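Data first, discussion second: the structure below is written as structure tokens.
The values are calculated or read from the model by the stated rules, or taken from the named source; none is laboratory data. For clarity, every value in this text was computed on a predicted model and none was experimentally measured. Here the Cβ is made from the backbone with ideal geometry for all residues, glycine too, and neighbour counts use every protein chain on show.
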Amino acid sequence: MKLRFLIGLLAASLAHPVLAQKKYDPGASDTEIRIGNTNPYSGPASAYGTIGKSIAAYFKMVNDQGGINGRKINFISYDDGYSPPRTVEMARKLVEQDQVLFMFQTLGTPSNTAIHKYMNMKKVPQMMVATGATKWNDPKGNPWTMGWQPNYQGEAQIYAQHIIKSKPDAKIAVLYQNDDYGKDYLKGLHDGLGAKKSMIVKEVSYEVSDPTVDSQIVQLAASGADVFVNITTPKFAAQAIRKAYDIGWKPVQYLNNVSIGVGSVLTPAGLEKSVGLLTVAYLKEPNDKQFENDAAMTQWREFMKKYYPDGSLIDNLNVYGYSVGQTIAQVLKQCGDNLTRENVMRQAANIKRYRVDTLLPGVLVDTGADDFAPIESVQLQRFNGKEWIRFGEVMGGR
Amino acid sequence: MKRNIFLIFLLLAVACALPFLVSNYRTFQLTLVLVYAIALLGLNILTGYSGQISLGHGAFYALGAYCAAILMDKAGVPYWATLPAAGAVCFVAGFLFGLPALRLEGLYLALATFALGVAMPQLLKYHHLEKWTGGVQGIVIPKPEAPLGLPVNADQWLYFFTLFVTLVMFVLGWNLLRGRVGRALTAIRDHAIAAEAMGVHNALYKSTAFGVSALYTGVAGALGAIAVQFVAPDSFNIFLSIVFLVGIVVGGLASISGALYGALFIQFVPNIADEISKAAPWAVFGIFMIGFVYLMPTGVAGAVRLLLARRRTP
């Protein structure tokens, strides 16, 4: 009996160090986790640069609170000016020179496309990229790349479901930007309508280079449609909303999540002209009255004041940065002392119904070995002339 | 003269040794420096030597890059064979664009080329061309490996390949510019009517200069695409054209070695600026630029020449 106990003790003491063994790839050590990032701090898309800054601020807070599993985050972020060749250069610098453990939240569809192959060839995680394109969810073809935000196709499918449910005899008109972003949405809409695709009576596209979309709106109005799906970036979204109102076309309007800024889109379009717009959301809006006393948002405002005082308190991109920061912190916590690139990817694909407190209630982060789309659920909301009012249930995903 | 040749060989030896001394990432950056040097030499032929300002050379760079990418992606052409094709296409495009643009002088030509530069990214997105250009998605191209089992990695091989092309282009450019053609171009720049009176066929020389200049930039674009392994319209915005112009002015107008200095400047100074200040990298870049222009009014090449001349005559 005594012998057996001793053997058991011996086995336990042998087994224990094996369990606690630390495993590191380049960029990880007992004291540090190095994470690489590119963001457009200059150039045409520099408005997005605040995402990089708010993530850096988030990690600073994490470090002040003792880091993750005792390791400090060293977040190295470079400016790529939204130019793909510069993204390639900076990504190579981060991977080969700075030796980061993984890349995180590299921003922009073209920029991420430029490094997609490189990251997967090098087997360095291209983690939670800041773009809504659907192609990042491809665990088989590109096992080292993962998205984060709800993808465009999923969002459009939700509009399709809502149209079928609320207006089964609708005649749908679609305006979309003629690029991969616009086409991604359009595909989602088609897939979502499925057999009822014939409900679409008119599809018109525009180029980012067009000065206005006025003539497109006139064409769409002439089609006699009573539902308008507006797949446009902020400037064109404002033009479309205003023009439709001015020519007296009053369809039910769905506006894509890309352009729902009250300050940047609806105010220039005219708040009274925007009444009744429908869209989806997954983040808590910083200037939404409902969240004025919300604990998470209060905490976010305190975080902003302390760690990112230059940042705007009404810009939802700063909520975005804070939320994605929470997600990766959870992944790194799950990694424990096994900080290899493979394990980072494995843990990122093993987030089970994780609640990020600055996402809307009911929206959960969830991934799996064959599901590289962390956020898939969103909630519909309607604009009442002052603010977005959420209604219905959280939709999509599981 | 002897001393110059010695210097050039020394430089070559250093250039050959560098990729074995620095990391792959640095080798990649040096490859880009060589690529930019070819593009800047091209622009210098037009702007430095024949005095025609172009604000749209990014467009020819894009054209060359897309030629290479489409040939490799759609037709399976090997990477080295895309360079002559890109050069030829850009020569024709440059020559044709040069013909009507000839009637425009100075700032008006600058505006016409500027229009080309701004239009290019949007033309590349044009949906009827999407079959070839891939639209906004761009084209991803594979990286060439070293042939014949040479003991160098892909980055080093591409560097040596680019170095070879750069050498050929520089020798050709030097040959072109030091003789009759170079003199004729400079004469047109300094006094067009006088040049005409001396028997220089202004129109032909000017549009040929445009064509050759576009050819150089196109070859650079093709090499750049192979190095970066990706082309997309957003890679070639108007800013690229302006950076090229900055490069030749900082490097030294009407100077062959100036192209190399300019290339080093446009490759590394933005990175240094970004390291100095994240908030205002372009303000730092601007300070660098003003500093260079004030301290070296004839470009880095001019300053180096002055320095060497001083050392020789104590």
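Descriptive notes on the structure:
- A:Pro268 within 14 Å of chain B (Cβ to nearest Cβ), of a type outside the set (A, V, I, L, M, F, W, C) and at negative phi: no
- Being outside the structural domain of A:Ala237 (by TED's automatic domain parsing), among the small types (Gly, Ala, Ser) and crowded, with 19+ Cβ neighbours inside 10 Å is true of A:Gly132.
- When segment A:55-113 is filtered for residues that are of a type in the set (S, T, N, Q), more than 30 Å from B:Val243 (Cα to Cα) and touching a Gly at 6+ places or on another chain (Cβ under 8 Å), only A:Asn69 remains.
- Of the residues making up segment A:239-262, none is within 14 Å of chain B (Cβ to nearest Cβ), under 23 Å from the mean Cα position of the chain (by Cα) and surrounded by 17 or more Cβ atoms within 10 Å (Cβ to Cβ).
- Any hit, segment A:159-178, residues being surrounded by 24 or more Cβ atoms within 10 Å (Cβ to Cβ), in the same structural domain as A:Thr212 (by TED's automatic domain parsing) and closer than 19 Å to A:Leu283 by Cβ: yes
- Number of the exception - B:Ile238 against (1) under 24 Å from B:Tyr159 (Cα atoms); (2) out of contact with any His (no Cβ under 7 Å at 6 or more places or on another chain): (1)
- Condition check for A:Pro139 on (1) surrounded by fewer than 24 Cβ atoms within 10 Å (Cβ to Cβ); (2) within 14 Å of chain B (Cβ to nearest Cβ); (3) modelled with pLDDT of 90 or more: one failure, at (2).
- Residue match in segment A:67-86 (condition: modelled with pLDDT of 90 or more and over 30 Å from A:Asn112 (Cβ atoms)): yes
- Residue match in segment A:280-303 (condition: buried (at least 22 other Cβ atoms within 10 Å of the Cβ), in contact with a Gly (Cβ under 9 Å, 6 or more places away or on another chain) and either basic (Lys, Arg) or in a helix (DSSP H, G or I) (or both)): no
- B:Ile242 being without any contact (Cβ under 8 Å) to a residue 24 or more places away in the chain and either within 14 Å of another protein chain (Cβ to nearest Cβ) or over 17 Å from the mean Cα position of the chain (by Cα) (or both): no
Table: residues versus (1) part of a strand (DSSP E or B); (2) within 21 Å of the chain's Cα centre (by Cα).
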residue	(1), (2)
A:Gly36	yes, yes
A:Ala57	no, yes
A:Gly81	no, yes
A:Leu94	no, no
A:Ile115	no, yes
A:Met119	no, yes
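- Taken as a whole, the condition of being on the phi > 0 side of the Ramachandran plot, more than 8 Å from chain B (Cβ to nearest Cβ) and in contact (Cβ under 8 Å) with a residue 40 or more places away in the chain does not apply to A:Gly132.
- B:Leu10 vs. criteria away from chain A (no Cβ under 14 Å) and either touching a residue at least 12 places away in the same chain (Cβ under 8 Å) or under 25 Å from B:Trp80 (Cα atoms) (or both): no
- In segment A:57-86, residue nearest to the other protein chains (Cβ to nearest Cβ) [restricted to those that are surrounded by fewer than 21 Cβ atoms within 10 Å (Cβ to Cβ) and small (Gly, Ala, Ser)]: A:Gly67
- Matching residues, segment A:103-126, being more than 9 Å from chain B (Cβ to nearest Cβ) and either surrounded by 24 or more Cβ atoms within 10 Å (Cβ to Cβ) or in contact with a helix residue (DSSP H, G or I) (Cβ under 9 Å, 6 or more places away or on another chain) (or both): A:Met103, A:Phe104, A:Gln105, A:Thr106, A:Leu107, A:Asn112, A:Met119, A:Lys122, A:Lys123, A:Val124, A:Pro125, A:Gln126
- Among residues of segment A:186-215, those that are within 27 Å of A:Asp246 (Cα to Cα), away from chain B (no Cβ under 14 Å) and under 29 Å from the mean Cα position of the chain (by Cα), counted: 4
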